[in-house]
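The values are calculated or read from the model by the stated rules, or taken from the named source; none is laboratory data. Because the structure is predicted, anything quoted here is derived from the model rather than measured. Neighbour counts are summed over all protein chains in view; Cβ atoms, including those assigned to glycine, are modelled from backbone coordinates with ideal geometry.
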Amino acid sequence: MRISFLGGISEIGGNKVLLEHNGFRILLDFGKSFKNESKFFMRPYLAPFSISDLIKLDLIPNFPGTYKWQEGEPSIDGVLVSHAHLDHYGYVPLLKPEIPIYMGETSKIIIKARQDARTSSWERKVHIESIRTFRTGSRLEIGPFQVDPIHVDHSIPGSYAFLIEAGGKRVVYTGDFRFHGQISQLSRDFVEKAQDFEPDLMIIEGTRVAPESDPEEAMIRLLEQHNIYQSLTRPPLRVKKEAENEEGVLDEMKAVAEIAENSLILIEANTTDIDRLRTVWLLSKHLGRQLIIGETQALILKRLLEEDPRIKNLPRIGDFLLYLSRRRREDSWEEVKEGRRRPAIRDLISMIEDQCGPEAVIWGENRRRVAKEPSSFVILTPNSPSTLMGILPESGERFPITFILSRSEPFNEELAMSFDRLLNWLAYLGVRKYYRIHVSGHVKPEELGTVISEINPEKVIPIHTSYPELFEEYLPPALRKNISLVSLNETLEL
Ligand SMILES: [Zn+2]
């Protein structure tokens, strides 16, 4: 088996690993690197015009005949997507529709719901018909490759690791995983299966291996410094609350809410982080406040519950209020409910209005409710500045806000820019301090040694980390000789 590392080397995200055997070629993830893209592009003003722009800039590999609208036979036989984070599947939309994309059932639901919620451009739209789904226990046969997907716990539901065998060689690919989430048993199941598999090679994520133990923390500090430089004022002070696991996040949020009194509780988290949605739902029930969530998250939630109605502790229709992003008429400032919203969102709005009445949808006049009685609500949003603009009274009148930054994923550049603006918005609204409460979606560095010794592969290659050279520091001395560091585009023969 030949293995080429085409992305995710010395960087967090952008995973792309090519496996070749007997003339067959499959990819493990086909992720976008926000860091590399933002070196050249800033959407919408400076966007790639075509796929060939991306190839020229070495942002995607040159696979002849493989990308949309290219001539010739595709040179890739399939892509295995570990989970629905863009740094793992972000370039899948560029592929020809005849190339099969394998992913878990839940990843498909999330990707489809996101696409149904808003219009996406040519670079963002996955061809849904190309998706073939699997579950734990299904075995995939792609040419000579036998693939067993095994569930893991991560900050998005439906995440998988892969056990791959071809030509008598065995490879384990972890994707992103952790042991401190709400369903850590999934990751333990994976370790057990991988152990029995006796792999020759394990490609393992090392997001949190860094000189400073929390790369996300370091990024936020940098952004705060930038904000000070830019606005010449002190940004709102960040109060960090340590949580060990998702239950800890809930406890810390409860403690912060105790002193929130008459303020609006505004929590920023990723739309697809369903564990965090569950935590915030439990928080709002505990406080007797109403939960408000956005359109995309509500659609993802509805579809996940349709797929598996037994999922516990998630709000059902009627348990939350739906927050609509603002739309207006073409020729006036008047806000409209439908605007150019996608059919799936229009259906969701009517469904919620039919079942719960017009007050359940926060738009237009209804937005005032929030500013009038801030202490009755908890808002969960991926984009606080635009949510804030929507609820701020026209008079510019302020109301108290307790802000909790609760993203679990490392910031990418798009988010970083909005974070900078967020600090300005918070400062404008008189927020003097805010809280950082989260747990990472990724395995703790100090657990890497245990995972590796339990699975006991011949060879280990760290991926999805900015500091592969520090990886060995977390391993017992006897295991260090098994670590191999590869450079970008390097190929090795197994
Ligand atoms: Zn991820």
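Numbers at a glance
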item: Residue within the stretch 307-317 that is assigned to a strand (DSSP E or B) and at pLDDT 95 or above present; result: no
item: 2 or more residues within 16 Å of the ligand (Cβ to nearest atom) and under 23 Å from the mean Cα position of the chain (by Cα): qualifying strands (runs of 3 or more DSSP E) within the stretch 128-211; result: 145-152, 159-166, 201-205
item: Flag for residue 247 being acidic (Asp, Glu) and more than 30 Å from residue 9 (Cα to Cα); result: yes
item: Options 48, 44: the member that is closer than 26 Å to residue 418 by Cα and touching a helix residue (DSSP H, G or I) at 6+ places or on another chain (Cβ under 7 Å); result: 48
item: Some residue of the stretch 68-75 being at pLDDT 90 or above and under 23 Å from the mean Cα position of the chain (by Cα); result: no
item: Residues satisfying the stated conditions in the stretch 159-194, i.e. in contact with a Gly (Cβ under 7 Å, 6 or more places away or on another chain) and of a type in the set (Ser, Thr, Tyr); result: 159, 160
item: Check on residue 38, within 19 Å of the chain's Cα centre (by Cα) and buried (at least 22 other Cβ atoms within 10 Å of the Cβ); result: no
item: Some residue of the stretch 102-116 being modelled with pLDDT of 95 or more, away from the ligand (no atom under 16 Å from the Cβ), touching a helix residue (DSSP H, G or I) at 6+ places or on another chain (Cβ under 7 Å) and more than 22 Å from residue 299 (Cα to Cα); result: no
item: Which listed residue, of 44, 64, 74, is more than 16 Å from the ligand (Cβ to nearest atom), in the same structural domain as residue 127 (by TED's automatic domain parsing) and crowded, with 17+ Cβ neighbours inside 10 Å; result: 74
item: Residue under evaluation residue 419, criteria (1) under 26 Å from the mean Cα position of the chain (by Cα); (2) at pLDDT 90 or above; (3) away from the ligand (no atom under 16 Å from the Cβ), criterion not met; result: (2)
item: Residue 82, sole failed condition from (1) among the polar types (S, T, N, Q); (2) crowded, with 24+ Cβ neighbours inside 10 Å; (3) away from the ligand (no atom under 16 Å from the Cβ); result: (3)
item: Meets criteria (within 25 Å of the chain's Cα centre (by Cα), on the phi > 0 side of the Ramachandran plot and modelled with pLDDT of 95 or more) for residue 58; result: no
item: Single unsatisfied condition, residue 135 versus (1) surrounded by fewer than 14 Cβ atoms within 10 Å (Cβ to Cβ); (2) among the basic types (Lys, Arg); (3) in contact with a Pro (Cβ under 7 Å, 6 or more places away or on another chain); result: (3)
item: Out of 318, 339, sole residue that is out of contact with any helix residue (DSSP H, G or I) (no Cβ under 7 Å at 6 or more places or on another chain) and under 28 Å from residue 392 (Cβ atoms); result: 339
item: Residues within the stretch 453-494 that are under 28 Å from the mean Cα position of the chain (by Cα), farther than 20 Å from residue 443 by Cα and of a type in the set (S, T, N, Q), tallied; result: 2
item: Only one of 483, 452 that is assigned by TED's automatic domain parsing to the domain that holds residue 87, in contact with an Asp or Glu (Cβ under 7 Å, 6 or more places away or on another chain) and within 18 Å of residue 201 (Cα to Cα); result: 483
item: Pairs, first over 22 Å from residue 189 (Cβ atoms) in the stretch 113-141, second of a type in the set (Phe, Trp, Tyr) and modelled with pLDDT of 90 or more, C-beta under 7 Å, six or more apart; result: 132/102
item: Identity of the residue in the stretch 95-109, surrounded by fewer than 24 Cβ atoms within 10 Å (Cβ to Cβ) and aliphatic (A, V, I, L, M), that ends up farthest from the chain's Cα centre (by Cα); result: 99
item: Residues satisfying the stated conditions in the stretch 334-349, i.e. surrounded by 12 or more Cβ atoms within 10 Å (Cβ to Cβ) and in a helix (DSSP H, G or I); result: 344, 345, 346, 347, 348, 349
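Quick grid of which residues meet (1) within 16 Å of the ligand (Cβ to nearest atom); (2) in a loop (DSSP other than H, G, I, E, B); (3) aliphatic (A, V, I, L, M):
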site	(1), (2), (3)
431	no, yes, yes
443	yes, yes, yes
450	no, no, no
457	no, yes, no
465	yes, yes, no
